[in-house]
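Input: a single structure, listed below in structure tokens.
Since every read-out is calculated from the coordinates, none of them should be taken as a lab result. Since we're looking at a predicted model, the values are computed, not measured. We place every Cβ from the backbone using ideal geometry, glycine too, and count neighbours over all the protein chains shown.
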Amino acid sequence: MILPRQNVLKLTIVLTLLFTFILVQKASAAPTTISISLSYSFQTIPATSVHLGPITEKATAKPLYLVRVEASVSGISGMIGKNLTFSDPGSATARKVGTASSISPSYRTIQTYEVRGVTPFSVTASINDGTYSGTSTSTITPQVATNYDANFYCTCYITALESDYPSTGKTATMSGISGSYHPDFKAKVILNGSGKTSGGQYIKYYDNTNTFAWHDPETKSGTRPTSSKTIAVDVNKIPMSLVNGVWQRAKININGLGLRQAEDIGGAIAAWRIDVYTGEGNSSWLGKPECDMANNWSVYYYGNNTW
């Protein structure tokens, strides 16, 4: 059926008006603006690194932090389950790890960042999905003191005493010093790095030359080992390095044992292991739970040179 020309004109006008109405409706349905608030949430020292290398950077004695940044959005029910986009600083000291979870019923979400030391970094969170629109930028500053995510094994070391070994059978010599010694005493001096003769003279062992000298006990960082203070560490996990001529020694709390300071290293002290100095002679460590490698210990880091 062919419509009269007048009716065709009317239909065209109606369709034009309808199309214009739809366009106006779409234009008026602009995204809802939401407010986003960013803040520091909490942090730990991680067990592994995704982007920024060793847990402690030896050259600077700065630990790696895993920092959580919280985003809170205005309380609009439609935001629950939505995702915010977080920026990645992409620098040598701050990197984004993974993506944030969706917004929870409490109108919050968390984004994680790896950060080297207490370096402030900028974070931007935003959304623009056609329904909601919003953005916020904030500077986040990590804290110095925090927990390690990983637990540590503990062992013990001492200053060996000659009096702990038989007075007979002294068939061993030590290159660099005079006298003959029981082989077991010599082995203990090598294992622990220092010893004390029955006559009261201290011996120091130099593992780089396999020699001995009459010398007071001394840690790698130049301190005298002290019970209830000195520990030997893996410097890639717990800070202890010479930086610009100054020793950086971490102060930590070993939960259930107490405060200790990183002052020494050892050939067998690697990864998540701490060697606790207990004093002179075998009696100083026998029966102590921290000397049993089967135990796991949680550790809290306070910073460097704070003892």
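Comparing K96, K82, K251 in a Gaussian network model of the chain, where Cα atoms under 10 Å apart are tied by springs, the biggest mean-square fluctuation is seen for K82. Enclosing the Cα atoms of the stretch 154-251 in their convex hull gives a volume equal to 118 cubic angstrom per residue. With the helix formula -39500 (n - 2.57) applied to DSSP H stretches of n ≥ 4, the chain reaches a computed 222 nm mean residue ellipticity of -3500 deg cm²/dmol. Take the convex hull of the alpha carbons in the stretch 221-268; its mean projected area over all directions comes to 3.7 nm². Determine the alpha carbon to alpha carbon distance for each of K229/K288; K237/K288; K188/K251; K188/K237; K170/K196; K58/K220 and list only those over 18 Å. Listed pairs above 18 Å: K237/K288; K188/K251; K188/K237. Positive contributions from Lys and Arg (+1) and negative ones from Asp and Glu (-1), summed over other residues with Cβ under 10 Å from the Cβ of Y113, come out at +1. Cysteine residues of the chain whose C-beta has no other cysteine C-beta under 4.7 angstrom: C154. Over the Cα atoms of the stretch 124-172, the radius of gyration divided by the Kirkwood radius equals 1.62; this is the Rg/Rh ratio. Computed over the Cα atoms of the stretch 77-129, the ratio of the radius of gyration to the Kirkwood radius (Rg/Rh) comes to 1.03.
Annotation for the stretch 42-95 versus the stretch 250-272: alpha-carbon center distance of 26 Å. A Cα-only calculation for the chain places Rg and Dmax at 32.5, 130 Å. Between 0 and 90 degrees, the angle of helix 5-28 with respect to the longest Cα principal axis of the chain falls at about 30 degrees. Each 10 Å bin from zero holds the following percent of Cα-Cα pairs in the stretch 235-303: 18, 50, 27, 5, 0. Compared with the dominant Cα axis of the chain, that is its longest principal axis, helix 183-192 is turned about 30°.
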